[in-house]
1. Considering only residues of segment 168-223 that are of a type in the set (S, T, Y) and within 14 Å of the ligand (Cβ to nearest atom), which is farthest from S138 (Cα to Cα)?
2. Among (1) more than 30 Å from S275 (Cα to Cα); (2) of a type outside the set (A, V, I, L, M, F, W, C); (3) not in a strand (DSSP E or B), there is one condition K59 misses while meeting the rest; what is its number?
3. Can you tell which of A23, A48, A40, A16 is within 14 Å of the chain's Cα centre (by Cα), farther than 30 Å from S110 by Cα and either more than 16 Å from the ligand (Cβ to nearest atom) or not basic (K, R) (or both)?
4. Tally time: how many residues in segment 282-331 are closer than 20 Å to G267 by Cβ, among the aromatic types (F, W, Y) and outside any helix (DSSP H, G or I)?
5. With the requirement that a residue be buried (at least 18 other Cβ atoms within 10 Å of the Cβ) and either touching a Cys at 6+ places or on another chain (Cβ under 8 Å) or without any contact (Cβ under 8 Å) to a residue 24 or more places away in the chain (or both), what does segment 298-316 give you?
6. Against the definition (touching a helix residue (DSSP H, G or I) at 6+ places or on another chain (Cβ under 8 Å) and free of Cβ contacts under 8 Å to residues at least 40 places away in the same chain), how does G60 come out, yes or no?
7. Going by the structure shown, is E114 farther than 21 Å from F66 by Cβ and either more than 16 Å from the ligand (Cβ to nearest atom) or surrounded by 14 or more Cβ atoms within 10 Å (Cβ to Cβ) (or both)?
Amino acid sequence: MNLKADLTLRELADTAGLPIGVAVNVDRLSKDAEYGNVIAKHFNMCVAENQFKPAAIWKGEDKYDFVLADYLASFARQHGMLLRGHTLLWHESVPAWLRDGGYSSESVASMLREYIHCVVGRYRGQMVQWDVVNEAISDEPGNHLRDTFWLKMLGPNYLHKVFEWAHEADPEVSLYYNDYEAEAGPKSDAVYNLVSELLRSGVPIHGVGMQCHFENGWRLNQETVDNVSRIEALGLQWQATETDVRMWLDGQPATTEQLANQALAYGDLTNLCLSHPGCAGLLFWGVSDAHSWIPGFRKGWGAPLPLDEAYRPKPAYSAVSQSLLSRVIAA
Ligand code: G3I
């Protein structure tokens with residue numbers, strides 16, 4: 001095979017057959033041409049960081065705002081990129097008018113069904129995956145469902161209902177349950193138990209999203225390999241949906257050692273995806289270090305992505321590329 005030098009992640013991902021995606025701030029995308037060029041150059045899949053969430057779309061009873069969501073869908077089509085949806089249900093994205101509106105459980109259920117049908121139906125034929133439910137599992141020991149507006153309103157079987165409604169609206173799209181710390185440890189057991197129960201009940205679920213928000217120093221271990229293998233043994237896909245590897249910076253630039261360490265984590269995760277047929281993609285949660293949620297939400301931490309603040313590829317970018325290149329050469 002003839003390969004040109006300096007292939008982008010996107011070119012390598014296309015050749016290796018592993019979607020490599022990115023979370024996009026669609027508001028920025030609509031105003032910043034360079035940001036759009038970088039996305040289309042390096043990635044072959046995209047997801048909106050915020051603009052497909054209910055709080056962004058669902059503005060009132062029968063009142064939906066699709067301006068930014070449509071913008072990303074159109075950008076993805078124009079640039080031949082896969083589109084992933086995040087998310088139909090999340091306790092942190094309940095529209096205030098709905099939460100505080102004094103609606104009965106029956107009305108909430110009926111409006112939510114309508115909402116899911118409308119949103120999923122709108123992108124039918126283009127959307128390849130939806131995160132149907134995000135972060136429904138409690139962090140408390142015992143791994144129960146998190147105590148949320150949705151649990152209160154819709155009852156303990158609410159996941160069954162929302163997956164079914166999404167499936168009614170688009171029988172072809174892959175439906176995911178998405179969570180953090182789903183890669184290994186107690187939350188991964190809880191996720192495994194939850195999706196196993198959904199499958200036993202005949203719920204249309206097709207994948208598990210593992211957010212992969214790591215701290216620098218993360219390395220692939222046997223527990224993570226076993227976890228993705230047991231998800232695959234259920235017949236489900238899985239995906240690294242929100243990858244970032246944050247560094248402790250405390251106001252200082254990243255050191256060479258930190259960057260090298262981060263590259264090892266990104267390389268490990270890419271190798272995990274490539275060595276497991278159930279891996280449907282590897283997505284980064286932000287385009288560059290300038291656009292990550294980390295510095296704003298985790299004080300003192302930063303530089304978590306493969307492109308630096310000036311869109312220059314970091315050692316992490318080279319590690320993902322190397323891993324993809326090895327796959328392409330071995331094929
Ligand atoms: O758009 C407004 C802007 O007009 C306003 O001036 C500014 C002032 O705070 O807020 C802006 O909205 C913020 C939005 O991000 C866009 O930047 C919201 O306050 C802020 O809450 C929102 O945070 C997002 C967070 O989810 C909550 O929705 C982060 O960008 C986004 O990275 C984060 O993503 C989540 C995933 O959905 C689920 N997994 C964890 C992940 C990280 O928390």
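1. Filtering first and then ranking leaves Y176.
2. With (1) more than 30 Å from S275 (Cα to Cα); (2) of a type outside the set (A, V, I, L, M, F, W, C); (3) not in a strand (DSSP E or B) applied to K59, the lone miss is (3).
3. Values: A48 fails: farther than 30 Å from S110 by Cα; A40 fails: within 14 Å of the chain's Cα centre (by Cα); A16 fails: within 14 Å of the chain's Cα centre (by Cα).
Selected residue: A23, the only one of A23, A48, A40, A16 that is within 14 Å of the chain's Cα centre (by Cα), farther than 30 Å from S110 by Cα and either more than 16 Å from the ligand (Cβ to nearest atom) or not basic (K, R) (or both).
4. Of the residues in segment 282-331, 2 are closer than 20 Å to G267 by Cβ, among the aromatic types (F, W, Y) and outside any helix (DSSP H, G or I).
5. Filtering segment 298-316 down to residues buried (at least 18 other Cβ atoms within 10 Å of the Cβ) leaves 301-308, 314-316.
D308, the sole residue that qualifies.
6. Details: touching a helix residue (DSSP H, G or I) at 6+ places or on another chain (Cβ under 8 Å): yes; free of Cβ contacts under 8 Å to residues at least 40 places away in the same chain: yes.
It is true that G60 is touching a helix residue (DSSP H, G or I) at 6+ places or on another chain (Cβ under 8 Å) and free of Cβ contacts under 8 Å to residues at least 40 places away in the same chain.
7. Details: farther than 21 Å from F66 by Cβ: no; either more than 16 Å from the ligand (Cβ to nearest atom) or surrounded by 14 or more Cβ atoms within 10 Å (Cβ to Cβ) (or both): yes.
Here the answer is no, as E114 does not meet what is asked.
Here is a yes/no grid of residues against (1) surrounded by 14 or more Cβ atoms within 10 Å (Cβ to Cβ); (2) in a helix (DSSP H, G or I):
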| site | (1), (2) |
| --- | --- |
| E181 | yes, no |
| K187 | yes, yes |
| A190 | yes, yes |
| V195 | yes, yes |
| G209 | yes, no |
| E223 | no, yes |
| D226 | no, yes |
| D244 | yes, no |
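No lab work stands behind these numbers, since they all come straight from the coordinates. Since the structure is predicted, the reported quantities are computational estimates derived from the model, not experimental observations. Cβ sites come from the backbone with ideal geometry, for glycine too, and all protein chains shown count toward neighbours.
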